[in-house]
Amino acid sequence: MPNYRLVTRRRTLCMGLASLTTIKAVEIAKIEQQNRQIQMLDNPTRDFKILGKKTLRERALDKGLFFGSASGEDKLSPDTAFATRFTKECNILVPEGALKWNALRPAPNKFDFSEGDWLVKFAHTHGMLFRGHTLVWHYALPKWFKEIVNPQNAEKFFTEHIATVTKHYAGQMHSWDVVNEAIEPDDGRSDGLRNKNTPWFEFLGPDYIELAFRVAAEADPKALLVYNEAGLEYDIPTHEARRSAVLKLLERLKSKGTPIHALGIQSHLAGDETHFNPKKLQKFLNDVASLGLKILITELDVKDQRLPVDPTVRDHIIAAAYEDYLSVVLDEPAVIAVLTWGLSDRYSWLSIYSPRSDGALVRPLPLDVNLKPKLAWNAIARAFDKSPKH
Ligand code: G3I
């Protein structure tokens with residue numbers, strides 16, 4: 001007599017294994033399809049040839065543009081080879097962390113401008129402009145913030161921070177990211193504003209954005225005041241929703257006479273992203289410019305986490321992403337500056353935040369870990385060389 005319980009268990013096991021095998025097969029097929037798509041991104045015949053020996057700083061200036069990057073005193077001060085190369089390639093510097101709340105505010109009644117002061121001096125000593133990032137962000141807040149700031153005192157902390165920091169650097173700034181990443185359509189508001197996990201919206205409501213610009217303009221009437229945002233670059237539904245919400249926000253701010261002068265497009269690109277639509281990006285840039293705003297590319301880099309490990313293939317795909325993106329961007333007359341988020345793979349936030357599963361070093365930036373220019377450097381140089389004058 002067969003043991004039905006055993007038969008049933010065995011059959012269940014076999015069915016389980018069969019369905020697992022199917023899932024596995026679907027997964028493998030999906031990965032193979034992705035790899036085929038990624039390989040198609042690589043056009044080995046594209047040569048990224050450049051003419052002459054000019055630096056990125058010089059090629060940008062030739063077209064009335066600024067090229068620069070993000071860094072910090074912890075890199076520029078000890079690493080003289082890096083610092084020297086930085087001053088040759090860049091004519092604008094933005095602190096990666098020095099001007100965020102968690103760096104500036106060691107205590108509720110204290111400001112620490114030491115790294116910001118070091119960086120602005122470094123920039124100006126080497127003939128570079130200096131831009132600030134960022135006066136208002138829901139992230140990178142100091143540890144004491146949660147215990148101390150509440151609905152009753154939030155406006156005081158908010159306006160005092162913006163006024164004090166902006167006044168401290170008044171007259172020394174090319175521009176400020178006044179508000180960073182205030183859009184999050186997934187939070188469900190019809191205007192697409194971020195209203196979850198942000199103390200500013202929670203305590204001050206949607207008008208905190210306008211208030212930030214007004215306080216900054218009063219404290220430093222000379223600085224270009226920028227709204228900075230991520231996730232605007234690709235032809236995918238989430239980015240489309242973010243572009244539309246950003247335009248609505250900018251239109252609302254302009255209609256109320258808010259002293260806002262520019263949009264910062266972070267431009268954290270992905271080498272394996274196949275949904276790049278030049279026409280859609282161009283229309284968005286034009287729509288922003290039609291509001292009388294300038295445009296800065298503020299945090300450009302190309303993530304290679306899901307690209308093949310072969311550095312030659314990776315560098316090719318990354319360079320193509322840089323050149324294809326910047327060719328569209330630099331065709332927009334309102335664009336005034338391009339900054340990468342780091343200049344060398346030696347120092348990229350992606351090494352920590354988007355490491356490769358195979359452990360290979362990431363290669364997202366214009367210079368490699370030995371400060372040698374990669375095809376990405378050529379791609380940026382070519383984009384500047386092909387750009388119309390701005
Ligand atoms: O300096 C401390 C160090 O003393 C400590 O040992 C270590 C471990 O906790 O943390 C170090 O601080 C880190 C800091 O980077 C400096 O490396 C912070 O934890 C870490 O959160 C911080 O991450 C930065 C992140 O913004 C948050 O501020 C990244 O470097 C920076 O690249 C990233 O930049 C953001 C832009 O500001 C806004 N747009 C997106 C972009 C990428 O996320």
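The values are calculated or read from the model by the stated rules, or taken from the named source; none is laboratory data. Please read these numbers as outputs of a predicted model, since none were measured by experiment. Counting neighbours? That spans all protein chains shown, and the Cβs are built from the backbone with ideal geometry, glycine included. Keep in mind that these areas ignore ligands, DNA and RNA; they rest on the heavy atoms of the full protein, side chains included. Shrake-Rupley method; radii C 1.70, N 1.55, O 1.52, S 1.80 Å.
GNM remark for the chain: springs join alpha carbons under 10 Å apart, and the peak mean-square fluctuation among L56, L232, L371 falls on L371.
Computed with a 1.4 Å probe on the full set of protein chains, the accessible area for D177 sits at about 0 Å².
Under a 1.4 Å probe, what is the accessible area of segment 170-223 per residue, stated in Å²? Intermediate results must be reported in sequence, preceding the final value.
Details: 2220 Å² over 54 residues.
Per-residue value: 41 Å².
Over all other residues within a Cβ to Cβ distance under 13 Å of V215, the charged ones net out to -3, with Lys and Arg as +1 and Asp and Glu as -1.
Label sites at D62 and K146, each approximated as a point 7 angstrom past Cα along Cα to Cβ, lie 5.2 nm apart.
Kirkwood hydrodynamic radius (Cα pairs, Å) of segment 1-134?
Answer for segment 1-134: a Kirkwood hydrodynamic radius of 20.6 Å.
Residues in segment 279-390 average 37 Å² of solvent-accessible surface per residue, probe 1.4 Å, ligands and nucleic acids excluded. Using the Cβ-Cβ distance between H126 and S190 with R0 set to 35 Å, the FRET efficiency from 1/(1 + (r/R0)^6) comes to roughly 0.15. Across K303, K54, K256, mean-square fluctuation computed from a Gaussian network of the chain (C-alpha pairs under 10 Å connected) peaks at K256. Other residues lying with their Cβ under 13 Å from the Cβ of D235 contribute a combined charge of +1, Lys and Arg counting +1, Asp and Glu -1.
Among K222, K121, K30, the largest mean-square fluctuation in a Gaussian network model of the chain (Cα springs under 10 Å) belongs to K30. Working from label points 7 Å from Cα in the Cα-to-Cβ sense, the L291 to S351 distance is 3.7 nm. About the centre of its Cα atoms, the chain shows a dipole size close to 660 debye [charges on the beta carbon of Lys, Arg (+1) and Asp, Glu (-1) only; nearest 20 debye].
Close amide-amide hydrogen proximity is noted between I183 and R194, each under 5 Å apart and 5 or more residues distant or on a separate chain (H modeled in the peptide plane; Pro and chain starts excluded). Could you please report the charge total around I38, scoring K, R as +1 and D, E as -1 over all other residues with beta-carbon less than 13 angstrom from its beta-carbon? After counting each charged neighbour, the total is -1.
Fully extending the segment from L51 to K167, taken as 0.36 nm per residue of separation minus the present Cα-Cα distance, adds 37.4 nm.
For the chain, what % of the accessible area comes from carbon and sulfur atoms, probe 1.4 Å? Roughly 57 percent of what the probe reaches on the chain is carbon or sulfur.
When you restrict to C-alpha pairs under 8 Å that are six or more residues apart and normalise by the size of the chain, the relative contact order lands at 17 percent.
Can you sort I336, I148 by 1.4 Å-probe accessible area, starting with the largest?
The residues order as I148, I336, largest area first.
Pairwise alpha-carbon distances in the chain exceed 32 Å for 38% of all pairs. Judged by the gyration tensor of its Cα atoms, with axes a ≥ b ≥ c, segment 296-360 is oblate; a/c meets the 1.5 cut and b/c is at least as large as a/b.
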